[in-house]
């Protein structure tokens, strides 16, 4: 029992990341009909937003500290971050430590702007071109974005720690009356955070007028246009929203997996599989498949399972995708008539 | 000639001449001069040009003709490579059986993958092929280590003793063609120039010409017409009572066998193989090559492959010092500024250049470099003949105008 719960928990954080990226991909696909291969790059840029903010906050100037001396007896120069000067040392240190959560606020405008720029500047011109062209141009864009990040931040992963309050692990089992389920705090935070975002996105689509129009546009774009509604503008905003979702997923993922320039591509390949398993164009399907595959992957990594079928943890997601595509061609919750040319 | 019309024959002859004279053409700058680093006429790079040319030609038979975008083609290259290296390790160091083995292995694997993947089309097909390729990569990397050598891959070792070769104890075998070592090179010095003729390159080049000839025949055959029909409208094809599946599967397997041939040749040249050959970035690379050159054209994929491999090897070699030499004629400040601007695009940044070039091609030249060439050709022609008109004799189906837009 404990082992099963632990595996489910272990699958949740990856599953959350898959679900958030797949949600954004599906939003873009459902509204604009574009297969966005650059979505993983948005996830990566989100993670680097956390890195950038951390670096910005740690910007420092040198101060001569008279009380301490180095080994030659000269007064020691110490780096003092500017935030220390502005907010005092304790508060400044706290701000630096909490740079990852703060990056959420920082990343939203950045990601929305990036999304708008992408849609208006590039993808707009590809609506009438074949899907293959859309895949190719966004693939090219993904390469460019990841190379730019690599140019500025280098090829090595950059550790981005979580706030001290959330480092370390706790006994999850104690909460539910079982024993020995040790689980890192930050992963739980990540899961709760992603649930909040997913709820917010669904709530936004379900309960606001704007969301209603967008859903109507997803169902029948032409008719909504004929009713005198500027659906393109709303879809552009949805693109910005999808970019923000991917970015937030990236920001919060930074402490779990130190950001590097190819993390986006690594996740993108799997997220596409998730989208296809969930059903192209189905938002609940994307979320469900994201968590499902994340948890399946973590179960397949159990030593007992690997003993029976070696290597299963490496291929389980692809295997599931193949089986689902062949038995349920529309995916778990796919709608009829989507991408069935 | 050879069942080709005169236009195709001349194309084939031009390509043949270019590949055979490549050691001269790719070495236009004298040895030791400042521009010598742009010489691409050394064996290793020339081999890559033709081998990846084969890979891209094969990919083009699938993507260019049927429109099915496979994102997992490197898997066949990898499987072919593994097949070839085992043939060389166990049976004979002669490259021909190894290459045949590579083609057979890749073909069989393509039958399995194609049979399953082709049940879906569009983005689903791309994802399925990607899934298969990633699975092969993951398996080769981990579980299949006894067969694939895992992370380190497979090399010819001193412990290998192929049945048909009498290797001395501890001797490391070398790939050969009936006793001719693949690494043998003849050097020709002509004045300041140094030309290298490599046995391996010429063997690969002959294979590429065969592959190219085959692809012309496929493009011009009734079979090729069927594949084009699949691309332009699969529904209409099935309404006329034809089943598209056997044709697409055949195209898939043929292009898989091309990839296997390329994999076998790679092994024949450097006698090693690793799982990273199957990683999805390798599949992405062949897509880039084909699109860059021009999907659906005969010569495009070869051009694209050559261009990407040239960029990979030459642009990545340029560094700031070389740039400073080039721009030395500028005033100092301007020189530094220019070098600063270009710096991100050279050396390790060649991927950035590649990405930008690729995006520009997809956006402005969907037909790739070949279309670019045709446009320039048409512009020149149009200036000579003021009337111009449709100078393009080939039939280019235009997309039907959408009534409801």
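The values are calculated or read from the model by the stated rules, or taken from the named source; none is laboratory data. Here the structure is a predicted model, which is why all the values come from computation and not from measurement. Cβ coordinates were reconstructed from backbone atoms using ideal geometry, including for glycine residues, and neighbour counts include every protein chain displayed.
Some notes on this structure:
- With respect to the conditions (1) exposed (fewer than 14 other Cβ atoms within 10 Å of the Cβ); (2) modelled with pLDDT of 80 or more; (3) not in a helix (DSSP H, G or I), residue A:35 lacks only one, and its number is (1).
- Test: residue A:289 is under 22 Å from residue A:195 (Cα atoms), within 14 Å of chain B (Cβ to nearest Cβ), in a helix (DSSP H, G or I) and touching a helix residue (DSSP H, G or I) at 6+ places or on another chain (Cβ under 6 Å): yes
- Qualifying residue in the stretch B:338-349 (condition: at pLDDT 80 or above, within 28 Å of residue B:57 (Cα to Cα), touching a helix residue (DSSP H, G or I) at 6+ places or on another chain (Cβ under 7 Å) and within 13 Å of another protein chain (Cβ to nearest Cβ)): no
- A Cβ distance below 7 Å, combined with a sequence gap of six or more or placement on separate chains, defines the contacts here; from the stretch B:157-178, residues that are on the phi > 0 side of the Ramachandran plot reach residues that are part of a loop (DSSP other than H, G, I, E, B) in the pairs B:170/B:158.
- Just so you know, in the stretch A:293-314 the residues that are within 14 Å of chain B (Cβ to nearest Cβ) and outside any helix (DSSP H, G or I) include one that is farthest from residue B:148 (Cα to Cα), and it is A:301.
- Among residues of the stretch B:167-178, those that are within 28 Å of the chain's Cα centre (by Cα) and exposed (fewer than 12 other Cβ atoms within 10 Å of the Cβ), counted: 1
- Looking across A:143, A:197, one residue alone is away from chain B (no Cβ under 14 Å) and part of a helix (DSSP H, G or I). It is A:197.
- Filter pass, residue B:30 being surrounded by fewer than 20 Cβ atoms within 10 Å (Cβ to Cβ) and at pLDDT below 80: yes
- Residue B:77 vs. criteria within 14 Å of another protein chain (Cβ to nearest Cβ), over 21 Å from residue A:35 (Cβ atoms) and crowded, with 21+ Cβ neighbours inside 10 Å: no
- If you check B:333, B:355, B:372 for being free of Cβ contacts under 8 Å to residues at least 12 places away in the same chain and under 27 Å from residue B:134 (Cβ atoms), only one passes: B:355.
- Selection status of residue B:299, buried (at least 18 other Cβ atoms within 10 Å of the Cβ) and within 14 Å of chain A (Cβ to nearest Cβ): no
- Residue match in the stretch B:344-356 (condition: crowded, with 21+ Cβ neighbours inside 10 Å and within 27 Å of residue B:149 (Cα to Cα)): no
- Summed over the stretch B:1-45, residues that are closer than 15 Å to residue B:298 by Cβ and assigned to a helix (DSSP H, G or I) total 13.
- Some residue of the stretch B:106-116 being within 11 Å of another protein chain (Cβ to nearest Cβ), assigned to a helix (DSSP H, G or I), surrounded by 21 or more Cβ atoms within 10 Å (Cβ to Cβ) and in contact with a helix residue (DSSP H, G or I) (Cβ under 8 Å, 6 or more places away or on another chain): yes
- Residue among A:212, A:195 that alone is touching a residue at least 24 places away in the same chain (Cβ under 8 Å) and within 17 Å of residue A:283 (Cβ to Cβ): A:195
- Selection of first residues in the stretch A:1-22 that are part of a loop (DSSP other than H, G, I, E, B) and of second residues that are modelled with pLDDT of 85 or more, restricted to Cβ pairs under 7 Å at least 6 apart or on distinct chains, gives an empty result.
- Any hit, the stretch B:46-67, residues being surrounded by fewer than 20 Cβ atoms within 10 Å (Cβ to Cβ), in a helix (DSSP H, G or I) and assigned by TED's automatic domain parsing to the domain that holds residue B:207: no
- Checking each residue in the stretch A:74-91 for being surrounded by fewer than 13 Cβ atoms within 10 Å (Cβ to Cβ) and either more than 13 Å from residue A:62 (Cβ to Cβ) or out of contact with any strand residue (DSSP E or B) (no Cβ under 6 Å at 6 or more places or on another chain) (or both) picks out A:74, A:86, A:88, A:89, A:90, A:91.
- Condition check for residue A:238: at pLDDT below 85, touching a helix residue (DSSP H, G or I) at 6+ places or on another chain (Cβ under 6 Å) and within 18 Å of residue A:23 (Cα to Cα): no
- Top-ranked residue of the stretch A:126-137 - restricted to ones that are at the interface with chain B (Cβ under 9 Å from one of its Cβ atoms) and part of a helix (DSSP H, G or I), ranked as nearest to the chain's Cα centre (by Cα): A:135
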